[in-house]
Amino acid sequence: MHKYYWITTYGCQMNVHESEKIAGILRARGYEQAEREEDADIVVFNTCCIRENAENHAYGNIGALKKLKKSRPSMLIAVGGCMTQQAGAAEKLRKKFPFVDIVFGTHNLSVLGELLDKKAGSKKAVVDIWDKEGEADTEDISFRTSYPNAWVNIMYGCNNFCSYCIVPYVRGRERSRESGAIVREVNALLDEGYKEITLLGQNVNSYGNDRGECSFPQLLHKICERDGKYRLRFMTSNPKDFGEELVRAIAEHEQICNLVHLPVQAGSDRILRLMNRKYTAKEYLQKVELLRKYVPDCQLTSDIMVGFPTETEEDFQATLELVKEARFATAFTFVYSRRSGTVAADMEGQIPEEVQKERIMRLVELVNAQTRELSAAYRGKTVEILCEDFDQKRGLYLGRDEYGRMGYFRSDTDRIGEFVKLNISQTSGVSLEGELTQEKE
Ligand code: SAH
Ligand code: SF4
Ligand code: F3S
């Protein structure tokens, strides 16, 4: 009998990559990817709890499986990820959805196989959440699905405790992987034909602090000893630890994309202090300047939040000002969401929803205008794209440039995994369209 799996992923890139690890574990046990959820012998929900809507989304989809589970009781339902790792969440989940078979957390993902065995011998649900961080290095079990890009964790956890954020509570303290293991993994991926590596961590700039063996800039140097044509990306950088040594590394190595994702969160110093971000707007802008000094053609993206407790119109105006001054190419924008257990959840002065909504609309408008302006500047230029997919609907290949901008083009031959050059003829909000140049790579 064929065994099929279906995984639904909700969170950040790290969470996406962990779904690749879950897929790896299931494949090692003889499971294959199902075409549809309805055909699956096991459905895994890899959840996120960064904002309330991420949780609601997961709850909604788990609830929607109740009927299917009734008609096919042998189908297993497993729920893992950040949501289950919150205090009391596993019990709440079991109460709400008694038909769920397995509940696991972020720290014990590597033992999912053992949990499956346990479930096979028992009628009862298997709930296993660890309080302590798991030690196992789970990288080599991944079944990757993002060719020509590969995600590589360089560290787990977060020590920063930004006052709004649940991540340190559900991911534990920072644990860096050994640099040699990371370099070996990157080299093996490049040997396999991957063309782009994205290093992952909640704050990659503090990589190595817990080991004292190798800093983040040193890790980049070690990886870039490998010659050849490939792209190296990393996320996320925390401005408080972003410094000259890293900027020099970006400038020095051709392979490192000249794009930095540097979440600012807010432009008001009072709000930044309440957020426990440990930098001021001025210090942030000085880091941007430093980056532009060493890497003049660099682009910057960010994460920005509105409606944090006590945020006034004046504070919000400071955020808009900073978006303009930093000239973000684009940014992820969020409405503050109250996360139980965090410091900000108990702050006075929570902002009404209408005010939050009105502010996010103004922020999105500004960010989009900056993105459009930058896109328009691409017209008539030649850009290098790493082709990653084919869009059936439009009949066009697509891929990203160094700055993460999506470019579409026509080709008679399969270009996936190739670097191609495009003459850009059209631009829309965030995407580009162009013709292949004649020159060969
Ligand atoms: N470690 C990264 C990002 C982690 S989460 C960093 O520090 O930048 C990604 C983004 O989600 C954050 O940058 C923040 O903008 C947003 N976010 C985190 N907690 C949130 C909350 N409670 N409400 C709304 N947005 C939040
Ligand atoms: Fe959350 Fe701050 Fe850690 Fe990022 S650095 S994961 S925002 S606590
Ligand atoms: Fe979500 Fe956990 Fe990532 S809360 S954003 S999946 S670290």
Within region 116-161, of all residues that are aliphatic (A, V, I, L, M) and closer than 30 Å to residue 276 by Cβ, the one modelled with the lowest pLDDT is 129
Expected single match for surrounded by fewer than 20 Cβ atoms within 10 Å (Cβ to Cβ) and either assigned by TED's automatic domain parsing to the domain that holds residue 164 or in contact (Cβ under 8 Å) with a residue 12 or more places away in the chain (or both) among 248, 233, 277 is 248
Across (1) under 25 Å from residue 73 (Cβ atoms); (2) in contact with an Asp or Glu (Cβ under 8 Å, 6 or more places away or on another chain), residue 121 clears everything bar (2)
Among helices (runs of 4 or more DSSP H) entirely inside region 195-290, those with 3 or more residues being out of contact with any Asp or Glu (no Cβ under 8 Å at 6 or more places or on another chain) and of a type in the set (Asp, Glu) are 244-252
> Quick check: is even one residue across region 154-175 away from ligand 3 (no atom under 16 Å from the Cβ) and either under 18 Å from the mean Cα position of the chain (by Cα) or crowded, with 19+ Cβ neighbours inside 10 Å (or both)?
Replying inline: no
Residue 393 meets each of (1) exposed (fewer than 14 other Cβ atoms within 10 Å of the Cβ); (2) outside the structural domain of residue 415 (by TED's automatic domain parsing) with one exception, condition (2)
### Hey, residue 260 buried (at least 21 other Cβ atoms within 10 Å of the Cβ), under 23 Å from residue 142 (Cα atoms) and modelled with pLDDT of 95 or more or not
no
Does any residue of region 54-68 turn out to be closer than 19 Å to residue 120 by Cα and surrounded by fewer than 18 Cβ atoms within 10 Å (Cβ to Cβ)? no
Q. Within region 43-53, is there a residue that is in contact with a His (Cβ under 7 Å, 6 or more places away or on another chain) and either in a strand (DSSP E or B) or away from ligand 2 (no atom under 16 Å from the Cβ) (or both)?
A. no
| Residue check: is residue 118 out of contact with any helix residue (DSSP H, G or I) (no Cβ under 7 Å at 6 or more places or on another chain) and free of Cβ contacts under 8 Å to residues at least 40 places away in the same chain? | yes
If you go through 365, 358, 325, the only one that is more than 15 Å from ligand 1 (Cβ to nearest atom), part of a helix (DSSP H, G or I) and closer than 18 Å to residue 272 by Cβ is 325
The lone condition residue 373 fails out of (1) modelled with pLDDT of 95 or more; (2) away from ligand 3 (no atom under 16 Å from the Cβ); (3) assigned to a helix (DSSP H, G or I) is (1)
- Task: Confirm whether residue 77 is modelled with pLDDT of 95 or more and either part of a helix (DSSP H, G or I) or within 16 Å of ligand 2 (Cβ to nearest atom) (or both).
- Result: no
Within region 397-441, the count of residues that are among the hydroxyl-bearing types (Ser, Thr, Tyr) and either within 12 Å of residue 382 (Cα to Cα) or part of a loop (DSSP other than H, G, I, E, B) (or both) comes to 6
Exercise. In this structure, does residue 100 turn out to be assigned by TED's automatic domain parsing to the domain that holds residue 198 and buried (at least 19 other Cβ atoms within 10 Å of the Cβ)?
Worked result: no
### Query
free of Cβ contacts under 8 Å to residues at least 24 places away in the same chain and either in a helix (DSSP H, G or I) or within 16 Å of ligand 1 (Cβ to nearest atom) (or both) - does that describe any residue in region 177-185?
yes
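The values are calculated or read from the model by the stated rules, or taken from the named source; none is laboratory data. Note that the structure is predicted; figures quoted are calculated from it, not measured. All Cβ positions, glycine included, derive from the backbone under ideal geometry; neighbour counts span all protein chains shown.
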